[in-house]
1. Within region 37-48, can one find any residue that is more than 23 Å from VAL106 (Cα to Cα), among the acidic types (Asp, Glu) and either modelled with pLDDT of 85 or more or over 16 Å from the mean Cα position of the chain (by Cα) (or both)?
2. When you go through SER25, SER54, SER112, SER77 one by one, which is the residue that is buried (at least 19 other Cβ atoms within 10 Å of the Cβ) and of a type in the set (Ser, Thr, Tyr)?
3. All but one of (1) at pLDDT 85 or above; (2) surrounded by fewer than 17 Cβ atoms within 10 Å (Cβ to Cβ); (3) closer than 25 Å to LEU30 by Cα hold for GLY164; which doesn't?
4. Show me the strands (runs of 3 or more DSSP E) found entirely inside region 10-62 where at least 2 residues are of a type outside the set (S, T, N, Q) and more than 15 Å from SER100 (Cβ to Cβ).
5. With the checklist (1) free of Cβ contacts under 8 Å to residues at least 60 places away in the same chain; (2) of a type outside the set (A, V, I, L, M); (3) in a strand (DSSP E or B) in hand, flag the one item LYS68 doesn't pass.
6. Counting just the residues of region 10-22 that are surrounded by fewer than 21 Cβ atoms within 10 Å (Cβ to Cβ) and under 15 Å from the mean Cα position of the chain (by Cα), which one comes out nearest to VAL52 (Cα to Cα)?
7. Return the pairs, sorted by first residue and then second, in which the second residue is open to solvent by less than 80 Å² (accessible area, probe 1.4 Å) and assigned to a loop (DSSP other than H, G, I, E, B), the first residue lies in region 46-57 and is more than 11 Å from LEU30 (Cα to Cα), the beta carbons are less than 6 Å apart, and the residues are 6+ apart or on different chains.
Amino acid sequence: DFEDDDCMTSLDMRVGMMKPAKEVSETLYLERVDCGEAEGDRQILSKLVGRVKSDKMQGLCVVATNLKARKIGKDKSFGMILAGEDKDGKIGLLRPPQGSKPGDRVVVEDLSYDKYDPATANQYNKSTGRKIFASLMSSNGDFKTDKSGIATWRGRKLKVLGGGEVVADGKLSD
């Protein structure tokens with residue numbers, strides 16, 4: 001039920017450490033991101049060239065990790081780098097606090113993480129799961145920053161579990 005705010009807990013958000021991204025086309029960056037997994041770095045493609053400066057495409061970031069691999073351009077992407085966007089189209093990558101480690105879980109405060117398990121990639125790829133994911137990730141104002149620059153989802157702060165608050169590059173509040 002994507003009207004239920006707790007459905008956000010089905011999205012597995014993790015701290016990642018992004019190596020400097022490479023511009024692979026007029027619109028795509030290719031990133032290598034350590035999410036603390038035994039398999040090693042994830043390859044992620046983002047359509048952010050021209051929207052986020054290349055020097056910002058590195059360092060600590062927040063990654064949606066439980067998405068089905070998708071072909072973007074000539075390569076496959078194994079996750080999504082999360083960002084916020086303001087009403088003027090300015091984008092800021094979500095950044096965990098210093099001291100966060102790859103693989104740390106990112107949560108939305110005041111949500112019950114006992115109600116839903118993180119969705120599998122296949123669940124997000126089916127009809128209802130696709131609608132839930134689209135609802136969670138849409139540019140409908142759910143992701144923004146508060147006046148202090150702290151990233152929020154539907155007015156609730158994003159935090160690293162057992163750590164500090166997530167911020168966005170630049171303030172994206174109205």
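1. The answer is no; no qualifying residue exists.
2. Selected residue: SER77, the only one of SER25, SER54, SER112, SER77 that is buried (at least 19 other Cβ atoms within 10 Å of the Cβ) and of a type in the set (Ser, Thr, Tyr).
3. (3)
4. Those strands (runs of 3 or more DSSP E) span 29-34, 42-46.
5. (3)
6. MET17
7. LYS56/ASP169
The values are calculated or read from the model by the stated rules, or taken from the named source; none is laboratory data. Only a predicted model underlies this, so the values are computations on that prediction, with no experimental measurement involved. Positions of Cβ are backbone-derived with ideal geometry, glycine not excepted, and every protein chain shown enters the neighbour counts. Surface accessibility is based on the protein's heavy atoms, side chains included, excluding ligands, DNA and RNA. Shrake-Rupley method; radii C 1.70, N 1.55, O 1.52, S 1.80 Å.
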